[in-house]
Amino acid sequence: MNYAVLLSGGTGTRISSDIPKQYVRAGEYMIVTRALKTLTGSGNIDSVCIVADPAWREEIDKDIRSCGLDESRIIGFADPGKTRQGSIYNALEFILVNKKDPTLDNAADDTVLIHDAARPMLKQETIAQCYDALPGHDGVMPVLPMKDTVYYSEDGMEVSKLLDRSRIFAGQVPELFRLMPYHEANKKLLPDDILRINGASEPAVMAGMDIVMIPGDEGNFKITTDADMDRFRELAGK
């Protein structure tokens, strides 16, 4: 089974809005629903777990019904964690407990794709490229090359050295992993080390999992600031 996790538990404090950015409506539905529509519309994904605060789940359910999304492909909701990686771990636990019929598939073949609701411009092509690249590896991460000259500073005040930007990449989502080894990699970081994780692939790399990189998509940007929201609305035509 190929599972997906849609992270929608953040607060979006840098956006000028009285509600979290992922629940802002742009046209007929919320931003989170745009990302969910892409995931449920993928032929590679069997089931989606949504990480969301209980206070927003009814609103998400309403959007799912009004937009005609395939509810059978949504396994349910997991609770947000203290951090983003904590939310991911909660979703992994939810998936393992709520697998629809574990007798129908080999757990060793299960995969999980991690995506953020705040990246609503995800393309089906990107999802497909992740799955196409997975055979022979433990995970896949889309990346973007560094365009600017990159420097390293020991104290944050002075330049210590120039870094080779040809060897440095910016990670994107969605990130795809083999479910069982990825779950185990996260479990090993409990209870405290997982709180210091910054990226979804970090636990996998720390555990020695083989993560292959594929070209990312400049258009798959994260809505973090008001400028990002304006960019999204312009691209979405809303």
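The values are calculated or read from the model by the stated rules, or taken from the named source; none is laboratory data. In this text, all values refer to a predicted model and were calculated from it rather than measured experimentally. Counting neighbours? That spans all protein chains shown, and the Cβs are built from the backbone with ideal geometry, glycine included.
A search for C-beta distances below 7 Å between a residue of the stretch 38-56 that is without any contact (Cβ under 8 Å) to a residue 40 or more places away in the chain and any residue that is surrounded by fewer than 15 Cβ atoms within 10 Å (Cβ to Cβ), counting only pairs 6+ apart in sequence or on different chains, returns Thr40/Asp70.
Of everything in the stretch 100-125 that is at pLDDT 95 or above and of a type in the set (S, T, N, Q), the residue that is surrounded by the most Cβ atoms within 10 Å (Cβ to Cβ) is Thr111. None of Ser87, Ser66 is under 30 Å from Asp192 (Cβ atoms) and of a type in the set (Ser, Thr, Tyr) except Ser87.
Please go through the stretch 192-214 and give me each residue that is over 16 Å from the mean Cα position of the chain (by Cα), of a type outside the set (D, E, K, R) and either under 24 Å from Val32 (Cα atoms) or outside any helix (DSSP H, G or I) (or both), ordered by number.
Ala207, Gly208, Met209, Val212
Of all residues in the stretch 147-160, those satisfying the criterion of being surrounded by 10 or more Cβ atoms within 10 Å (Cβ to Cβ) and among the small types (Gly, Ala, Ser) are Ser153, Ser160. Residues of the stretch 51-91 that are surrounded by 14 or more Cβ atoms within 10 Å (Cβ to Cβ) and among the aliphatic types (A, V, I, L, M): Val51, Ala52, Ile60, Ile64, Leu69, Ile74, Ile75, Ala78, Ile88, Ala91. If you check Leu144, Leu176 for being part of a strand (DSSP E or B), surrounded by 14 or more Cβ atoms within 10 Å (Cβ to Cβ) and touching a helix residue (DSSP H, G or I) at 6+ places or on another chain (Cβ under 8 Å), only one passes: Leu176. Only residues that are closer than 16 Å to Leu7 by Cα and either in contact with a His (Cβ under 7 Å, 6 or more places away or on another chain) or not polar (S, T, N, Q) (or both) were counted in the stretch 24-44, giving 9. Scanning the stretch 215-238 for residues that are within 18 Å of Leu6 (Cβ to Cβ), in a loop (DSSP other than H, G, I, E, B) and either out of contact with any Phe, Trp or Tyr (no Cβ under 6 Å at 6 or more places or on another chain) or modelled with pLDDT of 95 or more (or both) yields Asp217, Asn220, Phe221, Lys222, Thr224.
The residues listed here are Ala227, Ala170, Ala204, Ala185; of these, the one that is among the small types (Gly, Ala, Ser), touching a residue at least 12 places away in the same chain (Cβ under 8 Å) and within 30 Å of Ser16 (Cβ to Cβ) is Ala170. On the stretch given as the stretch 168-191, residues that are under 15 Å from Asn90 (Cα atoms) and of a type in the set (Asp, Glu) total 1.
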